[in-house]
Amino acid sequence: MGLNVIMMGPPGAGKGTQATRFALERGLVKISTGDILRDGVKELNPEALVAKAKMDRGELVDDVTMIAIVRQRLLRSDARHGFVLDGFPRTVPQARALDQIMEERRNGPLVIVDVCVPEDELVKRLAIRRICSKCGAGADPFGATHTCKVCGGPLVQRTDDNQDVVLKRLQIYHRSTEPVLEFYRTRPTFRTVNGAQAPDIVARELDVTIDQAANGSDV
Ligand code: AMP
């Protein structure tokens, strides 16, 4: 039986870091739609280059494109036993499409976790966030080095992490993605975790919470 997790939360909540960590521990594939798009831009993929303008403005890429990307990605063999989704679904139509895909897969529960962080903390975190320009891995903003600890590549600020774009992304999050939380909230496999804690503590809470939700132990 597989395990499928959606890591929800606003930009800067740490969901990417936590999704990577959880996926690694459980032998699941982490699928970040933002990473797929950024990789596509580096590879000069025409679809991703069209999306880039929207990404740079902090706007959402259209549902048809995003659903097709995820549908295709989930067909790959590494997603056979489950996945951790980071950055998808971001709209209610995307969530409905994912339900349809899950119906076709019939492979384990779908656990939805919302990583909650207060807005002023998000703005602070996004201002100092750095990622590797080569492999896209997130980096410790307080770390002493300027190179990626995964591949040694140089660390940079994301083009959409400047202050104006950050505020727009948060606005779009409230408008388009919060309704997705309402879409999921009444499901027995929906959980919230306090993301305004040390990453190790968040990771531990996610570990316990996701297992409880998947096993239906406190439903
Ligand atoms: P992220 O790395 O998840 O913050 O995504 C970066 C940008 O990619 C977003 O601001 C959007 O422009 C685009 N993007 C990523 N995932 C989605 C999605 N599920 N729906 C629409 N746009 C997305």
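The values are calculated or read from the model by the stated rules, or taken from the named source; none is laboratory data. Computed from a predicted structure; not experimentally measured. Positions of Cβ are generated from backbone atoms using ideal geometry, with glycine treated the same way; all protein chains shown enter the neighbour counts. When the accessible area is computed, the model is the full protein with side chains, heavy atoms only, and any ligands, DNA or RNA have been set aside. Shrake-Rupley method; radii C 1.70, N 1.55, O 1.52, S 1.80 Å.
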task = Pairs only if they're at least six apart or on different chains, beta carbon under 6 angstrom, first in region 140-159 and touching a residue at least 24 places away in the same chain (Cβ under 8 Å), second more than 16 Å from the ligand (Cβ to nearest atom) and open to solvent by 90 Å² or more (accessible area, probe 1.4 Å); list them, first residue then second.
result = Leu155/His146
inquiry  = Conditions first: (1) away from the ligand (no atom under 11 Å from the Cβ); (2) open to solvent by 10 Å² or more (accessible area, probe 1.4 Å). Ile69 passes all but one, so which condition is the exception?
reply    = (1)
ask   = Which one of Ala213, Ala203 is touching an Asp or Glu at 6+ places or on another chain (Cβ under 9 Å) and more than 20 Å from Met55 (Cβ to Cβ)?
value = Ala203
key: In region 1-20, residue nearest to the ligand (Cβ to nearest atom) [restricted to those that are crowded, with 16+ Cβ neighbours inside 10 Å and more than 12 Å from the chain's Cα centre (by Cα)]   = Asn4
task = Could you give me the residue pairs with C-beta distances under 9 Å whose first residue belongs to region 50-68 and is without any contact (Cβ under 8 Å) to a residue 12 or more places away in the chain and over 12 Å from Thr33 (Cβ atoms), whose second residue is within 8 Å of the ligand (Cβ to nearest atom) and among the basic types (Lys, Arg) wherever it lies, and which are 6+ apart or on separate chains?
result = Asp62/Lys54
message = Let me spell it out: the conditions are (1) more than 21 Å from Lys15 (Cβ to Cβ); (2) in contact with a helix residue (DSSP H, G or I) (Cβ under 8 Å, 6 or more places away or on another chain); (3) more than 9 Å from the ligand (Cβ to nearest atom), and Arg57 meets all of them except one. Which number is the exception?
response = (3)
inquiry  = It is to be established whether one or more residues within region 188-197 are at pLDDT 95 or above, open to solvent by 70 Å² or more (accessible area, probe 1.4 Å) and farther than 19 Å from Pro11 by Cα.
reply    = yes
